[in-house]
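Structure record follows, encoded as structure tokens.
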Amino acid sequence: MDGEILKEKVIEKIKEVFDPEIPVNIWDLGLIYEVNILPINNVQVVMTLTAPSCPAAQSLPHEVDQRIREVEGVNDVHVEVTWTPSWNKDLMSEVAKLELGFL
């Protein structure tokens, strides 16, 4: 499968993951910093959380991993959590800002 097509499918799966405290998917919240398709359809995701003390710190990366594995053609998945740069509301999409009343 073409890497760009696979990346689009992976992003669609990521959009199915919601922060349990905020009614917006993690893609639109700006929690996903990178989605890379590596050789033999391995997927690498670099993400953050809204705060280091986030109650979903253990569950969200695992859910991202599991959702991506549902995409046909994905060989392996590696999800890395980073705190640099720190998440802030400026990273949210216009859709998320509108949904949460920031616009």
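Nothing in this text is a laboratory measurement; each read-out follows from the coordinates by a stated rule. Remember, it's a predicted structure, so these values are computed and weren't measured experimentally. Positions of Cβ are backbone-derived with ideal geometry, glycine not excepted, and every protein chain shown enters the neighbour counts.
Details
- Over the chain, all Cα pairs binned in 10 Å intervals from 0 give whole-percent P(r) values of 16, 49, 30, 6, 0, listed from short to long.
- The H on the amide N of Val43, modeled in the peptide plane, is under 5 Å from the matching H of Leu38, Asn75, Asp76, Val77, His78, each at least 5 residues off or on a different chain.
- Separation of alpha-carbon centers, the stretch 42-97 and the stretch 3-27, rounded to whole Å: 9 Å
- Within the chain, helix-based [θ] at 222 nm, where runs of 4 or more DSSP H residues each add -39,500 (n - 2.57), nearest 500: -8500 deg cm²/dmol
- Taking amide H as placed 1.01 Å from N in the peptide plane, the amide H of Asp19 sits under 5 Å from that of Val24, Ile26, each at least 5 places away or on another chain.
- Counting only Cβ charges, +1 for Lys and Arg and -1 for Asp and Glu, the dipole size of the chain around its Cα centre is about 140 debye.
- Taking the stretch 3-89 and dividing mean pair separation by its residue count, relative contact order in percent (alpha carbons under 8 Å, at least six apart): 31 percent
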